[in-house]
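The values are calculated or read from the model by the stated rules, or taken from the named source; none is laboratory data. Since we're looking at a predicted model, the values are computed, not measured. Every residue, glycine as well, gets a Cβ built from its backbone with ideal geometry; the counts of neighbours run over all protein chains shown.
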Ligand SMILES: [Zn+2]
């Protein structure tokens, strides 16, 4: 369905996705061309539905811009590319992790042009090293992939996930005039600046909790997760451990914490 002038959201079935919201696939069109932002799962049925949708709205698909290489974002790219002739686009820092052929690598600040629409690449590493957001200045619209989600917080699993870099990438977005964020999962975000500031604040508060836990003598990721998320659903433990580990690595790198033992039983202390 068309969610803003020239911007369509194509429904993607939930498939094997384990989170709460299935991935969003967006189609940006002008009078003569189209660009897809992320491509959803790779299953035959939902891909044919996406190709049919694209062909109805704008058959001349030029680009498939992938925010990053996680399977719920790139799964359909090759088949949709083959079915439409579109070029697959990815940031250069993400190419090494790509399991699909890529036609063109982009860098921060690059732009791809449809006739009347400029799609600007903003490199936003953190969730993954070559994660990009795509910005349309004229419409004050940002497609945020997994950098910013419609609901909840972005998964951060080291070594690909990096908390310090992630927070810097959130701060970077405050330099852009954004009215609406279309995230990789969940509903659109209308108060973009406030949302970005809240996300930064949330991470810094979590970091304070990690520091407080370390001061109380909690030393492992598991002890900190139990302390910080006491009522956590067991299915979310893996995700929470990633977040806490990412905070610990940030603190260690900044000289605020030390990592005492490597290997299976890694202990941390506050400096
Ligand atoms: Zn992801």
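As a summary of the residue check, residue 230 satisfies the conditions (1) farther than 17 Å from residue 154 by Cα; (2) in contact with a helix residue (DSSP H, G or I) (Cβ under 8 Å, 6 or more places away or on another chain) except for the one numbered (2). Here residue 129 meets each of (1) closer than 20 Å to residue 246 by Cα; (2) assigned to a loop (DSSP other than H, G, I, E, B); (3) touching a residue at least 40 places away in the same chain (Cβ under 8 Å) with one exception, condition (3).
The one condition from (1) crowded, with 21+ Cβ neighbours inside 10 Å; (2) outside any strand (DSSP E or B); (3) more than 16 Å from the ligand (Cβ to nearest atom) that residue 51 does not meet is (1). Flag: residue 214 does not match the condition of being within 16 Å of the ligand (Cβ to nearest atom), touching a strand residue (DSSP E or B) at 6+ places or on another chain (Cβ under 9 Å) and within 30 Å of residue 259 (Cβ to Cβ). When you look at residue 57, is it in contact with a strand residue (DSSP E or B) (Cβ under 7 Å, 6 or more places away or on another chain), more than 16 Å from the ligand (Cβ to nearest atom) and assigned by TED's automatic domain parsing to the domain that holds residue 173, yes or no? Judged against the criteria, residue 57 is a match.
Scanning the range 33-48 for residues being in a helix (DSSP H, G or I) and buried (at least 16 other Cβ atoms within 10 Å of the Cβ) gives a total of 2. Is it the case that the range 138-147 has a residue that's surrounded by fewer than 21 Cβ atoms within 10 Å (Cβ to Cβ), touching a helix residue (DSSP H, G or I) at 6+ places or on another chain (Cβ under 9 Å) and not in a strand (DSSP E or B)? Among the residues of the range 138-147, at least one is surrounded by fewer than 21 Cβ atoms within 10 Å (Cβ to Cβ), touching a helix residue (DSSP H, G or I) at 6+ places or on another chain (Cβ under 9 Å) and not in a strand (DSSP E or B), which makes the answer yes. Residues in the range 161-185 that are within 14 Å of the ligand (Cβ to nearest atom) and under 12 Å from the mean Cα position of the chain (by Cα): 6 in all. Within the range 231-247, identify whether any single residue is assigned to a loop (DSSP other than H, G, I, E, B) and modelled with pLDDT of 95 or more, and answer yes or no. The answer is no, given that none of the residues of the range 231-247 is assigned to a loop (DSSP other than H, G, I, E, B) and modelled with pLDDT of 95 or more.
When only residues in the range 17-32 that are more than 18 Å from the chain's Cα centre (by Cα) and surrounded by fewer than 20 Cβ atoms within 10 Å (Cβ to Cβ) count, which is modelled with the lowest pLDDT? If you could, list the steps in order and put the result at the bottom.
If we filter the range 17-32 for residues that are more than 18 Å from the chain's Cα centre (by Cα), which is where we start, we get 28-32.
After this cut, where a residue has to be surrounded by fewer than 20 Cβ atoms within 10 Å (Cβ to Cβ) as well, the list is 30-32.
Values: 30: 92, 31: 88, 32: 91.
Looking at residues that are more than 18 Å from the chain's Cα centre (by Cα) and surrounded by fewer than 20 Cβ atoms within 10 Å (Cβ to Cβ), I get 31.
Taking the options 142, 149, name whichever one is within 14 Å of the ligand (Cβ to nearest atom), under 27 Å from residue 203 (Cα atoms) and modelled with pLDDT of 95 or more. Matching residue, one of 142, 149: 149.
When residues in the range 188-229 are screened for being in contact (Cβ under 8 Å) with a residue 12 or more places away in the chain and surrounded by 13 or more Cβ atoms within 10 Å (Cβ to Cβ), 25 of them pass.
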